[in-house]
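We did not get these values from a lab; they are worked out from the coordinates using the rules stated. Treat the numbers as computed from the prediction; the structure is a model and nothing was measured. As a convention, Cβ positions derive from the backbone with ideal geometry for all residues, glycine included, and neighbour counts pool all protein chains shown.
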Amino acid sequence: MHLLRSVVLAVTVLMLPIPGWAQTSTDEEAIKATLMAMWQAIERGDADSYAEYVHPDFTQFGENDVYLTQGKDLEVSAIRDYLTRASNVHTEMHHPIVTVRGDVAWVVYYWTDSGMSGGDRFTSRGKSTRIFVREGGKWLCIHGHYTAVP
């Protein structure tokens, strides 16, 4: 009987929610939702909405960049320029893995995208890492690293 009580107690304890797990899961979903909102802003051609998710200290290694680019203003300017040439852009995230450590998180994933540029259809695919920080209760993208794959 003592063994049965011990087993029931152990199972009960294992089934109790662990503080932080639910928050981490919620944060993971928020990170993915933030990234998708950034892409949706591009799909709508809305650089101002895109900018709402970019941290002022943003940096990136773009898929075709030789050097690191720095600053939110430069990123938003580049997106505005891109939107003058590209239309019907759609991006998909595949196999995302999100890691949250307090107010810092990163997501690694593969992407595919397509759209029109200069009257021609384009497609691309690649792999990426994005780093986010939580400020004022909102997740902001502070760094991106993108690598195109053939």
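Here are a few things to note about the model shown:
- When peptides 63-70, 123-130 are ranked by their average number of other Cβ atoms within 10 Å per residue, the highest-first order is 123-130, 63-70.
- A Cβ-based charge dipole, computed about the Cα centre of the range 19-148 with Lys and Arg at +1 and Asp and Glu at -1, lands at about 220 debye.
- If the chain linking Glu52 and Lys32 were pulled fully straight, counting 0.36 nm for each residue of separation and taking away their Cα-Cα distance, it would gain 5.7 nm.
- Between Thr24 and Lys138, the C-beta separation translates, for a Förster distance of 25 Å, into a calculated FRET efficiency of about 0.90.
- Computed over the range 19-148: relative contact order in percent, which uses C-alpha pairs under 8 Å that are six or more apart: 25
- Under a 5 Å amide H cut-off, with hydrogens placed 1.01 Å from N, Phe58 pairs with Gly71, Lys72 among residues at least 5 apart or on other chains.
- Note on Glu92 and Val108: the extension gain reaches 4.4 nm, defined as 0.36 nm multiplied by sequence separation minus the Cα-Cα distance.
- Dividing the convex hull volume of the alpha-carbon atoms in the range 20-137 by its residue count gives 106 Å³ per residue.
- ³J(HN,Hα), Karplus 6.51/-1.76/1.60, whole Hz, each residue of the range 45-58, x for Gly, Pro: x, 10, 5, 5, 5, 4, 4, 5, 9, 9, 6, x, 9, 3
- Sequence ranges 105-111, 87-93, ranked by mean other-Cβ count within 10 angstrom, highest first: 105-111, 87-93
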